[in-house]
Amino acid sequence: MNTLGYSPNTAARALRSGNFQMIGVIAHRLARTGEFRTIEAVADAAMRESYTVTLLDIETTSSTGLSAAVARLRHQAIDGLVIIRAEMDTPSKLVLPPDLPVVVSDSRFLGTKPAVGTDQVAAAAAAIDHLFSLGHRTIHHLAGPSDSDPAEMRVATWRRKLAEAGHNVPPLFRGDWSAASGYREGQRIAATKGVTAVFAANDEMAAGLMRALHEHGLDVPGDVSVVGVDGVDLAEYLWPPLTTVAQDFTMIGNELVALLLRQIREGVSAVDEQVKVPATLIQRSSTAPPNPARLLR
């Protein structure tokens with residue numbers, strides 16, 4: 001074999017066995033932290049199982065767009081499919097070939113499709129409960145874009161928690177996940193009376209927000225406490241270090257691959273399989289009890 005330069009024909013083997021050792025991944029908006037880190041974790045988990053990943057980034061997660069993406073990947077002979085956040089109106093709109101093993105990284109699909117996702121409600125509640133435990137009377141929210149399901153789940157949880165605590169729900173500030181949008185909305189937040197605590201929907205917007213507060217002469221956390229979501233590495237090195245609710249993207253990737261490979265290898269249906277991955281509050285220096293003087297403004 002060495003002399004002749006021979007190597008086994010893996011394509012022929014795959015055709016004979018029906019196993020191509022290939023996982024398809026469909027993603028949308030790769031620049032988002034959650035999508036990127038989930039894909040990275042999926043690729044690492046697949047490699048450990050001797051599988052290759054074929055990634056397809058799509059412009060829209062409409063049912064038509066997803067169907068076309070699935071057809072393209074099937075032509076590349078995949079054994080199974082991971083969909084990173086199928087953002088559509090209802091899970092029932094996601095229709096896939098019945099013979100294709102699939103798993104969805106989206107907690108809304110729990111119970112309707114094999115799914116793995118962060119417990120978004122618990123993640124948002126952890127941030128809000130932390131700020132309430134420090135004595136803040138109300139909490140403002142810097143939300144992600146309205147076309148993002150995780151963002152909207154965090155908004156709904158924020159509103160519910162404030163209502164349950166008997167607090168008025170203040171106006172919503174809306175960003176697009178970027179630090180630039182956090183900075184832009186931070187200008188408005190800094191000019192809003194009575195703000196003592198902000199729950200930012202991700203760490204990048206929280207970073208932009210903290211810069212805007214600093215430029216307006218407001219101390220974090222002396223005047224305004226800030227909490228983010230995601231647990232990106234940079235959060236620990238901001239000033240002050242950012243309190244955040246960390247999502248476990250490594251666990252999400254591992255669980256997605258494990259659930260998919262069980263379907264591929266055992267030939268079982270896994271519609272009822274669901275994994276909710278917990279998020280963890282990491283308390284740092286960006287949160288503190290409210291400044292009494294700030295409450296009077």
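Run through region 170-238 and list the trypsin sites (Lys or Arg not before Pro) located in a DSSP loop whose Cβ has at most 16 other Cβ atoms within 10 Å.
Here the sparse-neighbourhood loop sites are K193.
For A246, which sequence-distant residues (separation of 5 or more, or a different chain) have an amide H within less than 5 Å of its own amide H, given hydrogens modelled in the peptide plane?
The answer is D230, T280, L281, I282.
As I understand it, the value is the acute angle between the Cα axis of helix 249-266 and the longest principal axis of the Cα atoms of the chain; what does it come to in degrees, rounded to 10?
Helix 249-266 sits roughly 30 degrees off the main axis of the chain.
Extending each Cα 7 Å along its Cβ direction at K276 and M251, get the distance between those two points in nm, one decimal.
1.3 nm
Counting only helical runs of four or more DSSP H residues, what would the 222 nm mean residue ellipticity of the chain come to if each run contributes -39,500 (n - 2.57) and the total is spread over all its residues?
It comes out at -12000 deg cm²/dmol, rounded to the nearest 500.
Restricting to the chain, what percent of DSSP beta bridges are antiparallel, rounded to 5?
Numbers: 3 of 36 bridges.
Roughly 10 percent of the DSSP beta bridges within the chain come out antiparallel.
So for the chain, averaging the separation of alpha carbon pairs under 8 Å that are six or more residues apart and normalising by length, what relative contact order in percent results? Write out the running numbers ahead of the final one.
On the way: 590 pairs, mean separation 59.5, N = 297.
Answer for the chain is 20 percent.
Which residue, R72, R37, R154, has the most motion in a Gaussian network model of the chain that connects Cα atoms within less than 10 Å?
R72
How large is ³J(HN,Hα) for each residue in region 280-292, as worked out from phi by the Karplus curve 6.51 cos²θ - 1.76 cosθ + 1.60 (θ = phi - 60°), to whole Hz, x for Gly and Pro?
Working through the residues one at a time gives 10, 6, 10, 8, 10, 8, 8, 10, 6, x, x, 7, x Hz.
So what's the gap between the Cα centers of region 224-294 and region 147-164, to the nearest angstrom?
Cα centroid of region 224-294 versus Cα centroid of region 147-164: 16 Å apart.
So what are the ³J(HN,Hα) numbers for region 177-182, from phi and the Karplus equation (6.51, -1.76, 1.60; θ = phi - 60°), rounded to whole Hz, Gly and Pro as x?
5, 8, 4, 4, 6, x
Looking at the calculated P(r) for the chain, what percent of the C-alpha pair distances fall above 25 Å? Display every interim value, and only then the final one.
On the way: 22506 of 43956 pairs.
That tail contains 51 percent of the Cα-Cα pairs.
Modelled label-to-label distance, R188 and L30, 7 Å Cα→beta-carbon offset: nm?
Computed distance between label sites R188 and L30 equals 3.2 nm.
Could you list which residues have their amide H under 5 Å from that of N202, counting only those 5 or more apart in sequence or on another chain, with H placed in the peptide plane?
Those lying under 5 Å, H to H, from N202 are V229.
Put +1 on the Cβ of each Lys and Arg and -1 on the Cβ of each Asp and Glu in the chain; which of L162, A180, V224 then has its Cα farthest toward the positive end of the dipole?
Looking along the dipole axis, the top candidate is L162.
Taking amide H atoms as placed 1.01 Å from N in the peptide plane, list the residues 5 or more away in sequence, or in a different chain, whose amide H sits under 5 Å from that of F173.
The list, which skips near neighbours in sequence, is H141, A143.
Would you work out the relative contact order for region 231-279, in percent, from Cα pairs under 8 angstrom that are 6 or more residues apart? Don't skip to the answer; put the middle values down first.
Working: 25 pairs, mean separation 17.7, N = 49.
So the answer I get is 36 percent.
How many nm separate the modelled label positions at V121 and E49, each set 7 Å beyond the Cα in the direction of the Cβ?
Between V121 and E49, the simple spin-label model gives 2.9 nm.
Place a +1 charge on the Cβ of each Lys and Arg in the chain and a -1 charge on the Cβ of each Asp and Glu, then give the dipole magnitude about the Cα centre in debye, rounded to the nearest 20.
Numbers: 28 positive and 32 negative charges, 78 e Å.
With Lys and Arg at +1 and Asp and Glu at -1, about 380 debye.
Using the Karplus equation 6.51 cos²θ - 1.76 cosθ + 1.60 (θ = phi - 60°), what ³J(HN,Hα) coupling, rounded to whole Hz, does each residue of region 188-195 give in order, writing x for Gly and Pro?
6, 5, 4, 8, 8, 6, x, 7
Between the helical axis of 203-215 and the dominant principal axis of the chain, each derived from Cα atoms, what acute angle in degrees is found, rounded to the nearest 10?
Relative to the chain, helix 203-215 is tipped by roughly 30 degrees.
If the cut-off is a Cα-Cα distance under 18 Å, which aspartates and glutamates reach K193, setting aside same-chain residues fewer than 8 apart in sequence?
E185, E215, D219, D223
Rule-based calculations on the coordinates, nothing more; no lab input. It should be emphasised that the depicted structure is a prediction, and the values quoted were computed from it without experimental measurement. Note that we place each Cβ from the backbone using ideal geometry, even for glycine, and neighbour counts take in every protein chain shown.
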